[in-house]
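Down below is the structure, laid out as structure tokens.
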Amino acid sequence: MKKLSAVDYAFMIGGPLVFLLLAVILIRSLLGGTGPENPVTMLREGAVKTGMSEMQVENIVGPPKSTTENPNGGTTFRYQHGAWDSDRRTFLEEDAYVDFDASDQVSGISFESRTPPLPK
């Protein structure tokens, strides 16, 4: 039996690695890469600060799921995200509310999470 050379090892190890790398690149290009980042997580991690304008918030986090007019003349943006909670083995709905005062500046951010009722 012939002893393997360095070139043989390069093809045996490098060939499959190059194939896997190309496969991952092609699959990601077909699927369009990763989706948009979770807006609730972005807000929880501090992407939005008090005093920012509505336009700045939309540029950072994206458009809200809904907008509500408040009696004080301001508005509230609602961001929503659903995820599987593996600890509780249930689906978890998370909401983040960005409150704006009458001058359209962030006055507060609040969060809410709930589990929807199980289907009967």
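Among the residues of segment 106-120, what is the count of those that are touching an Asp or Glu at 6+ places or on another chain (Cβ under 8 Å) and outside any strand (DSSP E or B)?
2
Every residue, every condition in (1) assigned by TED's automatic domain parsing to the domain that holds Tyr97; (2) exposed (fewer than 15 other Cβ atoms within 10 Å of the Cβ); (3) of a type in the set (A, V, I, L, M), yes or no:
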residue: Ile25; (1), (2), (3): no, yes, yes
residue: Leu31; (1), (2), (3): no, yes, yes
residue: Leu43; (1), (2), (3): yes, no, yes
residue: Gly51; (1), (2), (3): yes, yes, no
residue: Asn59; (1), (2), (3): yes, yes, no
residue: Lys65; (1), (2), (3): yes, yes, no
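The values are calculated or read from the model by the stated rules, or taken from the named source; none is laboratory data. All values reported here derive from a predicted model rather than from experimental measurement. Every residue, glycine as well, gets a Cβ built from its backbone with ideal geometry; the counts of neighbours run over all protein chains shown.
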